[in-house]
Amino acid sequence: MDEIVWTVNPRRDTVKDFAAYISEYAQEYLASTAIRCRQEVAAELPAIPLDLPHRRNLLLDVKEAVRNAARHSGANEVNLKVEVVENFLKVVVADNGRGFSPTDTRIGSNGMVNMKQRLADIGGSYTLHTAPGQGCRITFLLSLQPREKTTKIKL
């Protein structure tokens, strides 16, 4: 319930608020595991607002990446990095686990496809870097530039 309230709260809609929320989420989620959570969150994040679809989709993706690392990676460390680079919010979830071949994902597994689609729906991008024995690194990029609104013309 707290997540729903946070997601729709317009007083907590900035990049800085988002970084604080996902940092807390990752710490709390991984606290019940043997996985250490390391965080690199930029000290100065802008107070640029993220609208509800952006907050929601990116939050769901970060949560899924953290959960996947805890459930499947065999890692003993997960790194969460949040920064703004050239008007893009960049969030990285990386683990030092066993990695996998991206072409050999489990049959019926939609997690990676869903992550990619959620980011595409909000104009963001998702990059996966993994290989057997080399851990997994997922990078989410989201433009902080306002999108141009299309105007409908009535004829």
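Remarks
- Failed condition for Thr150, given (1) of a type in the set (Ser, Thr, Tyr); (2) surrounded by fewer than 18 Cβ atoms within 10 Å (Cβ to Cβ); (3) at pLDDT 85 or above: (3)
- Within region 59-83, the set of residues being open to solvent by 20 Å² or more (accessible area, probe 1.4 Å) and among the charged types (D, E, K, R) comprises Lys63, Glu64, Arg67, Arg71, Glu77, Lys81, Glu83.
- Taken together, Glu77, Glu86 contain a single residue that is at pLDDT 95 or above and either over 12 Å from the mean Cα position of the chain (by Cα) or of a type in the set (Asp, Glu) (or both), which is Glu77.
- Inter-residue pairs, beta-carbon under 8 Å, first within 21 Å of Ala75 (Cα to Cα) and in region 29-55, second polar (S, T, N, Q) and loosely packed, with under 15 Cβ neighbours inside 10 Å, 6+ apart: Ala34/Asn76; Ile35/Asn76; Arg36/Asn76; Cys37/Gln27; Gln39/Gln27
- Single condition Arg56 does not satisfy, out of (1) open to solvent by 30 Å² or more (accessible area, probe 1.4 Å); (2) more than 16 Å from Tyr25 (Cβ to Cβ); (3) modelled with pLDDT under 95: (2)
- Glu40 falls short on exactly one of the conditions (1) modelled with pLDDT of 95 or more; (2) touching a helix residue (DSSP H, G or I) at 6+ places or on another chain (Cβ under 7 Å), and that condition is (2).
- Hey, Thr127 in a strand (DSSP E or B) and loosely packed, with under 14 Cβ neighbours inside 10 Å or not: yes
- Yes/no for Val113 being over 26 Å from Ser32 (Cα atoms), open to solvent by less than 80 Å² (accessible area, probe 1.4 Å) and without any contact (Cβ under 8 Å) to a residue 24 or more places away in the chain: no
- As a summary of the residue check, Leu141 satisfies the conditions (1) touching an Asp or Glu at 6+ places or on another chain (Cβ under 6 Å); (2) modelled with pLDDT of 95 or more; (3) within 18 Å of Arg55 (Cβ to Cβ) except for the one numbered (1).
The values are calculated or read from the model by the stated rules, or taken from the named source; none is laboratory data. Worth saying up front: this structure is predicted, and the values here are computed from it rather than measured. In this analysis, Cβ positions are derived from the backbone assuming ideal geometry, glycine residues included, and neighbour counts consider all displayed protein chains. The protein model used for the area step is the full one, side chains on, heavy atoms only, and it has no ligands, DNA or RNA in it. Shrake-Rupley method; radii C 1.70, N 1.55, O 1.52, S 1.80 Å.
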